[in-house]
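Quick notes on the structure that follows.
The values are calculated or read from the model by the stated rules, or taken from the named source; none is laboratory data. On a predicted model such as this, the values are computed, not experimentally measured, just so you know. Heads up, the Cβs are rebuilt from the backbone with ideal geometry, glycines too, and the neighbour counts pull from every protein chain shown. In case anyone asks, the SASA skips ligands and DNA or RNA and just uses the protein heavy atoms, side chains included. Shrake-Rupley method; radii C 1.70, N 1.55, O 1.52, S 1.80 Å.
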Amino acid sequence: MIMNAPELIARKRDGGELGPDEVQWFLEHYHQGVVGEEQMSALLMAVFFNGLSDSELGVWTDTMIASGERLALSGLSRPTVDKHSTGGVGDKISLILAPLVAACGAAVPQLSGRGLGHTGGTLDKLESIPGWRAHLSNEEVRDQLESVGAVICAAGSGLAPIDRRLYALRDVTSTVESIPLISSSIMSKKIAEGTEALVLDVKVGRGAFMKDHARALELARTMVRLGESHGVRTVAQLTDMNEPLGRAVGNAVEVRESLDVLAGAGPDDVRVLTLSLARHMLHLVGIDEDPAVRLDDGTALQVYRDMIRAQSGDPDAYLPLGVQHATVVASRAGIVESVDALSVGIAAWRLGAGRARKEDAVSAGAGVEVLIRRGDRVEVGQPLFEVYADDLDHRDLGIHSLEGALSLTDNPVIVRPLLLDVVGGAE
Ligand code: URA
């Protein structure tokens, strides 16, 4: 079939719709190097402004999936269910949730990514555990799902390979923040992974991709529709990301906090969100278990230890902490109106916990501990943040980024809910 890329770009630019064959042709020929980067860039910008119809988005996603392999997870003795978070600050939920849901009887294939910019990546956090391996073969993933029930590992390069090129192109053409493009990128990888069910944690607020509720809701609805139309039972939960999640933001510091929650303690917000997502996951695969019981009786912690060991990590190893430490204290008294997630995320990144380019290395021991929360009363000189870095330059950059992180007021503050909305399932 002969098609003309400029003609298809012009139609999309002018608000028209592409037919299924046309969407497929464009993406496949981009993948094969026939459609050029400049033509794909132009189409991405047209999609950024004019969106994709449900039919265009379905074919766009199918073509991305068909560009690579699919993991064969059928035939396992447990039902499969995964979770995806759109990314936040202090979001260590996967580390607790995957073993917890496995402890309740499901298999959790968490194919994860690394952090970029101010949001951390699950693999970077786990790599602070000595010996732990992020890269597993498809066979190893399957075996570990059968034996342990939970795997957190790097998504292999074989899943939806067009996405890697498209994502890099979106990054340099300012077309990342498009709902259909985000939805197809996330869902193509999750559908190719072969999970039966999926719970999406869609973050809303200053520290998230989606700053406002209406757009987050639209993203959630679009991804739920895509999942359901591809046979993946999907629910999305919208959760607040104006403040960091928990106290710890970084790599090893977040592993340590996850261990606290797995031991039945830890910050309340991390526990509440983990249990809520676990309940949705279990409900989707028909498992009638109370995850709080498995968290409190130590079963989830045991599965976590098995999961780390299965990937060559030592769950008892010392977790590094940056040797250059400082405490940031309050310069005035007041009530905490907000602890800005974006500033704290940037601080952790500058301390060395995050990367600016995908090839950068991250520091295992760098991070921030947030000692106060919205609504707390603070006095002059009270410790607000503990910062950790490997050297003084990074430490001072991190401290500088925290300067505007806290707003104080003299008036009472209403604490915002963490769990905002649910899309799909028993909505
Ligand atoms: N995560 C993805 O995998 N893709 C996006 O487009 C955004 C977040």
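Annotation note: Cβ proximity below 7 Å between a residue of segment 3-15 that is open to solvent by 30 Å² or more (accessible area, probe 1.4 Å) and a residue that is aliphatic (A, V, I, L, M) and part of a loop (DSSP other than H, G, I, E, B) (sequence gap 6+ or interchain) occurs for Arg11/Leu18. For segment 151-183, the tally of residues that are of a type in the set (Asp, Glu) and open to solvent by 50 Å² or more (accessible area, probe 1.4 Å) stands at 2.
Taking residues in segment 148-167 that are among the basic types (Lys, Arg), and partners anywhere that are at pLDDT below 90 and away from the ligand (no atom under 12 Å from the Cβ), the pairs with Cβ atoms closer than 8 Å and at least 6 places apart or on different chains are Arg164/Ser157.
Among the residues making up segment 198-214, those that are surrounded by 24 or more Cβ atoms within 10 Å (Cβ to Cβ) and among the aliphatic types (A, V, I, L, M) are Leu198, Val199, Leu200, Val202, Val204, Ala208. For segment 124-134, the count of residues that are more than 20 Å from the chain's Cα centre (by Cα) and either on the phi > 0 side of the Ramachandran plot or of a type in the set (Lys, Arg) (or both) is nonzero.
Scanning segment 51-77 for residues that are open to solvent by 60 Å² or more (accessible area, probe 1.4 Å) and in contact with a strand residue (DSSP E or B) (Cβ under 9 Å, 6 or more places away or on another chain), we see that the one that is farthest from the ligand (Cβ to nearest atom) is Ser77. Inside segment 377-418, residues that are within 24 Å of Ser363 (Cβ to Cβ), surrounded by fewer than 19 Cβ atoms within 10 Å (Cβ to Cβ) and of a type outside the set (A, V, I, L, M, F, W, C) make up a count of 9. Checked against (1) more than 15 Å from the ligand (Cβ to nearest atom); (2) open to solvent by less than 10 Å² (accessible area, probe 1.4 Å), Met241 meets all criteria but (1). Considering (1) within 16 Å of the ligand (Cβ to nearest atom); (2) in contact with a helix residue (DSSP H, G or I) (Cβ under 8 Å, 6 or more places away or on another chain), the lone condition that Lys211 does not fulfil carries the number (2).
For segment 187-201, the count of residues that are away from the ligand (no atom under 16 Å from the Cβ) and outside any strand (DSSP E or B) is at least one.
When Val270, Val224 are checked against the criterion of being open to solvent by 10 Å² or more (accessible area, probe 1.4 Å), of a type outside the set (D, E, K, R) and in a helix (DSSP H, G or I), a single residue qualifies: Val224. Within this structure, Ala192 passes the test of being more than 26 Å from Ala300 (Cβ to Cβ), touching a helix residue (DSSP H, G or I) at 6+ places or on another chain (Cβ under 9 Å) and not β-branched (Val, Ile, Thr). Listed by position, the helices (runs of 4 or more DSSP H) inside segment 79-182 whose residues that are more than 20 Å from Lys358 (Cα to Cα) and more than 16 Å from the ligand (Cβ to nearest atom) number at least 3 are 93-103, 138-147.
All conditions in (1) of a type outside the set (S, T, N, Q); (2) within 14 Å of the ligand (Cβ to nearest atom); (3) open to solvent by less than 10 Å² (accessible area, probe 1.4 Å) hold for Val235, with the sole exception of (2). Taking segment 272-303 as the range and being touching a strand residue (DSSP E or B) at 6+ places or on another chain (Cβ under 8 Å) and under 17 Å from Leu95 (Cβ atoms) as the test, the residues that pass are Val272, Leu273, Ser276, Leu277, Met281, Val303. For segment 281-298, a tally of residues being open to solvent by 50 Å² or more (accessible area, probe 1.4 Å) and either touching a residue at least 24 places away in the same chain (Cβ under 8 Å) or in a helix (DSSP H, G or I) (or both) returns 6.
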